[in-house]
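Report on one structure; see the data block that follows.
The values are calculated or read from the model by the stated rules, or taken from the named source; none is laboratory data. In this text the structure is predicted, and so the values were computed from the model without any measurement. FYI the Cβ positions are ideal-geometry reconstructions off the backbone, even for glycines, and counts take in every protein chain you see.
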Amino acid sequence: AEDESRLRKVVGRYAAPNPDKQVIQPPVSTETKAGRARMGFNHPQLGRMLCPVKYLEDYIKDPHVYCFEDPSNPMKVTASIWPAYLYPGETPGVEYDPNDIGKGLFRGYLMDR
């Protein structure tokens, strides 16, 4: 829990592909409950990173349609589907190969940090 609270304060820089150039947009605020509510799947860039990689293409087209908290959503977040941030690409997961799910796995830029 202590490590998480430290990371939460810098997630905007940590999750950005090129943090020396730009943080994620819109910026995240962890100081308020409202700011924290806009993190995870509720944030455009963080949501793409957390999205199960096999659904990423559809999620990028219309992230609002694919609300993972909606029980009627056919796309489910489960432990058996890897999140996009584990795969390479400036937009994590764009280099995912559905015919070879091991190709590039754990090569996402967050894995180097």
Looking only at region 1-34, filter to residues that are among the β-branched types (Val, Ile, Thr) and farther than 15 Å from Leu110 by Cβ; which one of those is modelled with the highest pLDDT? Val28
Among (1) surrounded by fewer than 10 Cβ atoms within 10 Å (Cβ to Cβ); (2) under 18 Å from Ala16 (Cα atoms); (3) modelled with pLDDT of 90 or more, the one test that Pro98 misses: (2)
Looking at Leu105, is it under 20 Å from Met39 (Cα atoms), out of contact with any Cys (no Cβ under 8 Å at 6 or more places or on another chain) and either at pLDDT 85 or above or part of a loop (DSSP other than H, G, I, E, B) (or both)? no
Can you work out which of the residues in region 35-64 that are modelled with pLDDT of 80 or more and loosely packed, with under 13 Cβ neighbours inside 10 Å is farthest from Thr91 (Cα to Cα)? Asp62
